[in-house]
Amino acid sequence: MSKRTGLNKSRTFRLLYTLSERGYVERTMDGQRYKLGLKLFEHATKFRRDLKRIAQPFMRQMHARFNETINLRFFTMAKSCTLNFWKAPGRSAWRR
């Protein structure tokens, strides 16, 4: 990690130690690597809830104005996840 970040090893270790203590990363079973911790996923879940709440009035307006299906999605790697959608009348919710 220190090579990828450009930080020296001691600085990298201190940052990882702090992130680990706060729950943002965890050491793997072999103790040689780190993985994302639960705290990071808690923040991501809260962000998605807030994003949905904030986007709903705009989605409602777009749906009323254009009478089309409106999707709120986020993309990660090669997958996407729908957080919310407003279906246009007479249309299937899922089109290919």
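The values are calculated or read from the model by the stated rules, or taken from the named source; none is laboratory data. Bear in mind the structure is a predicted one, so any value in this text is a computation, not a measurement. Positions of Cβ are backbone-derived with ideal geometry, glycine not excepted, and every protein chain shown enters the neighbour counts.
Within segment 13-28, being exposed (fewer than 11 other Cβ atoms within 10 Å of the Cβ) and farther than 14 Å from L40 by Cβ holds for one residue alone: T28. F58 fulfils the conditions (1) part of a helix (DSSP H, G or I); (2) surrounded by 12 or more Cβ atoms within 10 Å (Cβ to Cβ); (3) of a type outside the set (D, E, K, R) except for a single criterion, (2). Taking residues in segment 37-62 that are under 10 Å from N84 (Cα atoms) and polar (S, T, N, Q), and partners anywhere that are surrounded by 13 or more Cβ atoms within 10 Å (Cβ to Cβ) and modelled with pLDDT of 80 or more, the pairs with Cβ atoms closer than 9 Å and at least 6 places apart or on different chains are Q56/L72.
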